[in-house]
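Down below is the structure, laid out as structure tokens.
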Amino acid sequence: MSIWSGADFAAWGLAMSIAAIAPLLSVNLSNVVTRRLVEARHSLHDATATAIVLAGRRIGWGLTSAAFITLFSAGAWIQGWSSLNALTANKFLILLIILLLTNSWLLLWQVRFGQFFAEERNWIPALIFACARAGGLLGMLSVVALGNRNLIQVALGIFAGTWLTLITTRWALTRLRLVDSCGCIPTNLEIRVQLWCNLRILYGFAFGTASSLIVQYSIPPLIAIIEPQLFSSFYLAGILNSLAIGVLSSAMSALLAPFARWHTTGSTQALNRIGLFSPAVCAGMCLSVLCLCWFTLEFALNLLSPRSVHINDVRLFLALLGLQAIVRTAAAGFATYVSSAGTSRQMAIPLLIEIVLTLTVAVPLGWLFGVHSMLLGLTFAALIGSQFSSIAFAALCKPARITSRVAFASLLSAQLVGAALWWLIVSTIG
């Protein structure tokens, strides 16, 4: 990315920020498939499991189409309002289309990932994801190595590298018999029944998508409108902050199937203990990754950034984003526990509260007082909203007599200690 000037880099960052939302609009379909397959298989309903998979594929195609249309329209609107005019409108939209098509595989492969997670073969999705990213990076570097720095042609290199790698990986896994067919074909009625069952659970996960979309992924385009001169600095800090969030998200996705299996089989004693101590573990993991990002920040900037970005701006953004990341990820264990057995309502309430506070507190603060105030408002929204996840967690742990007060104390203490340690580190080691 250091090969581009400030204006080109900002245009690339804006297009990438919008395209990065595409996987989010899968609405965690893989988690829905994982939970439902675990429940079906431990209930010995293999035919139902096949219907769940086929119904999930229908939902996946619908989500992919909706994501493409929505993000393309949003990109056109944002580009029209933003002062980042390195590209003409037509060229920017072409760039956005290529990047959206590149990321569409993350929606189309959601059901396949859910099957692997349900079988607790988590290494296969990790391998596919790593290969796809490596292929995209190789395609990008190949274009750059030929001396071509045109944004659209670099995006085409990423597209070609990603999809060629995916096709090759899929063929290799099939040859190794690691990709299973979905078995016998159920009737269309059975598929429709399971489609509606999938959608009922997907409703709860949809609030998780809406929360991430509003709280995390919509912020870069908003900054491009409010304070475009700070966009590149925020974008680079956001990349590093996403590493911490990504580590926790991957770990929690891997735990969903075991949590659902233990709930289905009634083995909840150890599960409840794991859930109760999860805030401290999640906050600690997030803090560790953030510290790694902080201490390697200067190296990362030299590797990635154009000369127009000032390191102090990036440091401040990373410090504020780190507070929000610790507060949000500390509740990831509770959220995974509730997602494995809770109702859609139990999953949705904490996220709905965070969304409301973000729109009524954080965004107005950003519009009136600048982006730094907005980030503090996002941390406040995450802190308040996450406390309600302790109520849902305690409700599912009633047989173990874990009260809401105990769950609340476990979560809040982990958040406050983690945030205090992070602020101490960034304020003393600048």
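The values are calculated or read from the model by the stated rules, or taken from the named source; none is laboratory data. Here the structure is a predicted model, which is why all the values come from computation and not from measurement. Here the Cβ is made from the backbone with ideal geometry for all residues, glycine too, and neighbour counts use every protein chain on show. Note: areas computed on protein heavy atoms with side chains; ligands, DNA, RNA excluded. Shrake-Rupley method; radii C 1.70, N 1.55, O 1.52, S 1.80 Å.
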*Helix-only CD estimate at 222 nm, as mean residue ellipticity for the chain, using -39500 (n - 2.57) per DSSP H run (n ≥ 4)*: -27000 deg cm²/dmol
_Connecting C-alpha atoms closer than 10 Å in a GNM of the chain, tell me which of Gln229, Gln269, Gln79 has the biggest fluctuation._
Gln269
*With helices defined as uninterrupted DSSP H runs, which ones in the chain have an alpha carbon span along their own long axis of at least 27 Å and mean Kyte-Doolittle hydropathy of at least 0.0?*
46-81, 123-145, 151-175, 188-212, 231-265, 269-295, 371-396, 404-428
*For the chain, what is the convex hull volume of the alpha-carbon atoms per residue, in Å³?*
135
*Return the single residue from Pro279, Pro186, Pro221 with maximal mean-square fluctuation; model: Gaussian network over the chain, springs between Cα atoms under 10 Å.*
Pro186
*Would you mind putting 248-257, 64-73 in packing order, based on average other-beta-carbon counts within 10 Å, highest first?*
248-257, 64-73
*asked:* Just the number please: accessible area per residue for the chain, 1.4 Å probe, all protein chains included, in Å².
replied: 44
_Is there a quick way to get the dipole size of region 6-429? I mean about its Cα centre, with the Cβ of Lys and Arg at +1 and of Asp and Glu at -1; what is the value in debye to the nearest 20?_
800
